[in-house]
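Structure, as structure tokens:
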Amino acid sequence: MSGSAILSVRDLKISVRTDEGVAQILDHVNIDVAPGRIVGVAGESGCGKSTLIRAVLNILPRQTRIESGEILFNGEDLLKLSARDMQQRIRGRAIGFIPQDPYLALNPVFKVGTQLMEILRWHGLPGEAAATGSGADQRTRHRNHLIELLQAVQVPDPEEALERYPHQFSGGQRQRVLIAGALACQPELVLADEPTTALDVTTQLQILKLLKELAERFNVAMLFVTHDFGVIAQLCDSVSVMYAGQGMESGPTRTIINQPLHPYSQMLMRCHPDRFTDLEGIPGQVPSALNPPDGCRFHPRCPLARPECRQKRPRVVARGEQKVACVLQSEEVQ
């Protein structure tokens, strides 16, 4: 584990049993998130990004098998914690979560205030015991805390907003409410699973700016999953590029955007309209997790693939501030 990392994912390998066979979802993934920093996880759909988020929260399907690895949060392996510990000490309290779809994440039959108060009722604030059966003073303190949070995420008229139902908010406002919920217990880390995907471009930009401001204001670390490098460029301090469950490249965002080393990272850049006018797609498609190729999983689509790419997975090598798993950067393979 990196000494400065609040979250350190090490050698994580995950598979899932299905009716069609065993799907290899994650293949020895490594990611570090330092306190107060925003780390992006980028890649196409089907690359295992959301599975990584669910593994950290320990909300994987029952058919899932952790084949190897550890997930260290403040030095404690989350994979070894009981369901009770995860529920009471970690999930929602020390680690917040912003879901992908603001239209599905809130219960339509309960007021927003009721749903946000429920988070604090179960977990309380730092230094405060869980609030089940708490008195009026504690409920008032929680309500005032939520009003301050809604003000921080720029929800108009926060007091009145607590009395409204989800359908009375726009998509952008709902996402702000969900962000407030993720920050309610003042967590050290927030996990965001493509939280701007369902929003229009203008609202998306507002949410990204808000997330960056809140991360700095509350000194919270963030692991942000997205398929959009434009989002990565605006929000994240560093990025880890994933493909078909494997880590391809990682490093500072600006460095990887301007000087990507892995062929997959380079081809992703050429798909982005903000950087190239002569857009080029990536031939082929992400391989099925039921039958992934040996070696580097990108080699069937890689124009620079070598025979050794098909045999063993390239080892990760350091190139300045970047880390990359590609034989073009090292002739050695693990």
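The values are calculated or read from the model by the stated rules, or taken from the named source; none is laboratory data. Given the structure is predicted, the values throughout are model-derived calculations rather than measurements. Heads up, the Cβs are rebuilt from the backbone with ideal geometry, glycines too, and the neighbour counts pull from every protein chain shown.
What the table below lists for this structure:
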read-out: Residues located in segment 52-82, provided they are surrounded by 16 or more Cβ atoms within 10 Å (Cβ to Cβ), in contact (Cβ under 8 Å) with a residue 60 or more places away in the chain and under 18 Å from Phe97 (Cβ atoms); value: Leu52, Ile53, Val56, Leu57, Ile71, Phe73
read-out: Residue match in segment 260-272 (condition: on the phi > 0 side of the Ramachandran plot and either acidic (Asp, Glu) or surrounded by 14 or more Cβ atoms within 10 Å (Cβ to Cβ) (or both)); value: no
read-out: Test: Gly251 is of a type in the set (Gly, Ala, Ser), modelled with pLDDT of 95 or more and on the phi > 0 side of the Ramachandran plot; value: yes
read-out: Count of residues meeting criterion [under 14 Å from Val190 (Cα atoms) and not in a strand (DSSP E or B)] in segment 6-39; value: 5
read-out: Subset of segment 289-334 (residues that are in a loop (DSSP other than H, G, I, E, B), small (Gly, Ala, Ser) and over 13 Å from Gln246 (Cα atoms)); value: Ala305, Gly320, Ser330
read-out: Any hit, segment 143-156, residues being of a type in the set (S, T, N, Q) and either touching a Pro at 6+ places or on another chain (Cβ under 9 Å) or modelled with pLDDT under 90 (or both); value: yes
read-out: Residue that is of a type in the set (Gly, Ala, Ser), touching a residue at least 12 places away in the same chain (Cβ under 8 Å) and closer than 20 Å to Ile90 by Cβ, where the choices are Ala161, Ala198, Ala180, Ala152; value: Ala180
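Per-residue answers, yes or no, for (1) part of a strand (DSSP E or B); (2) surrounded by 15 or more Cβ atoms within 10 Å (Cβ to Cβ):
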residue	(1), (2)
Met86	no, yes
Arg93	no, yes
Gly96	yes, yes
Gln100	no, yes
Ala105	no, yes
Val109	no, no
Gly113	no, yes
Met117	no, yes
